[in-house]
Amino acid sequence: MADEVILLSFWPSMFGMRTMIALKEKGVKYEYREEDLVNTKVPLLLEMNPIHKKIPVLIHNGKSICESIIQVQYIDELWSDKNPFLPTDPYQRAQALFWADFIDKKDQLYVCGRKIWSTKGEEQEAAKKEFMEILKILQSELGDKPYFGGDKFGFVDIVLIGFYCWFPAYQKFGNFSIEPECSKLMAWGKRCMERESVATSLPDPDKIVGFVLQFKKLYGIE
Ligand code: GS8
């Protein structure tokens, strides 16, 4: 029997993009269901992710897997014959998991990015500073390698790349520029965008800018 794979997500979500890229890298056929997070959450989302009630949710043959990093790891383990994301060497594997955890630790990159477009003054300045510090740490981990794991697009790339299409929005609403201090990281983003799985999963950055504008208006954020 063929696998039934459903992805509940929301198009601007960098977390949902991870799972989508992972499924595409493995060539897994799946049904995409867009969730309306602004209005009412559908019962299926609440049933499949009763703890966090968040997207993305991966539903594989009726069973749910929650949290994007765990989904990417699950996809890698289940469809292990094609394009492995995590290295097999235990030390390298631990390193990849460390960096994935670093990116999401206390939601740091996500929360700083959100503060950049939703706050002003001191709070916004602090968020921009922290955001750039995180990016610089990530850039130094990337070093001169084409991808975080070396020559091949892998786990950490999948975890981080969704933020790349948000960069123009962060820059516009935060009135700053990432490129001067993080040109290697920007080049990495461009490189990842050459992959079909990434190019077809990341929305147009202008669309993200439009989404943020709409969101700010809806919630009365100046
Ligand atoms: C984060 C998911 C998340 O924040 C993961 O899967 O990696 N750690 C989780 N999802 C958001 C949408 S992305 O902005 C979400 O579902 N929010 C709805 C809500 O909070 O009610």
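Of the residues making up the range 43-63, those that are near the ligand (Cβ under 10 Å from one of its atoms) and not aliphatic (A, V, I, L, M) are 49, 52, 53, 54, 56. Looking at residue 27 and the list (1) closer than 14 Å to residue 9 by Cα; (2) touching a residue at least 40 places away in the same chain (Cβ under 8 Å), which single condition is not satisfied? Every listed condition holds for residue 27 apart from (1).
Of all residues in the range 119-149, exactly one satisfies the criterion of being modelled with pLDDT of 95 or more, of a type in the set (Ser, Thr, Tyr) and in contact with a helix residue (DSSP H, G or I) (Cβ under 7 Å, 6 or more places away or on another chain), namely 147.
Could you please let me know if residue 28 is in a loop (DSSP other than H, G, I, E, B) and away from the ligand (no atom under 12 Å from the Cβ)? Criteria met by residue 28.
If you go through the range 85-101 and pick out every residue that is closer than 17 Å to residue 74 by Cα, outside any helix (DSSP H, G or I) and not hydroxyl-bearing (Ser, Thr, Tyr), you end up with 3.
Residues that are open to solvent by less than 40 Å² (accessible area, probe 1.4 Å) and more than 17 Å from residue 164 (Cβ to Cβ) within the range 129-143 comprise just one, 143.
Of the numbered criteria (1) in contact (Cβ under 8 Å) with a residue 60 or more places away in the chain; (2) more than 11 Å from the ligand (Cβ to nearest atom); (3) over 24 Å from residue 195 (Cβ atoms); (4) in contact with a helix residue (DSSP H, G or I) (Cβ under 8 Å, 6 or more places away or on another chain), the one residue 112 fails is (1). Within the range 63-78, residues that are within 18 Å of residue 27 (Cα to Cα) reach partners that are more than 8 Å from the ligand (Cβ to nearest atom) and open to solvent by 30 Å² or more (accessible area, probe 1.4 Å) with beta carbons closer than 8 Å, at six or more positions or on different chains, in the pairs 76/84. Can you name every residue in the range 171-212 that is more than 16 Å from the chain's Cα centre (by Cα) and part of a loop (DSSP other than H, G, I, E, B)? The answer is 175, 176, 177, 178, 179, 180, 181, 182, 194.
The values are calculated or read from the model by the stated rules, or taken from the named source; none is laboratory data. Here the structure is a predicted model, which is why all the values come from computation and not from measurement. Quick reminder, even Gly has a Cβ in these numbers, built from the backbone with ideal geometry, and neighbours come from all protein chains shown. All accessible areas refer to the heavy atoms of the entire protein, side chains included, with ligands and DNA or RNA removed. Shrake-Rupley method; radii C 1.70, N 1.55, O 1.52, S 1.80 Å.
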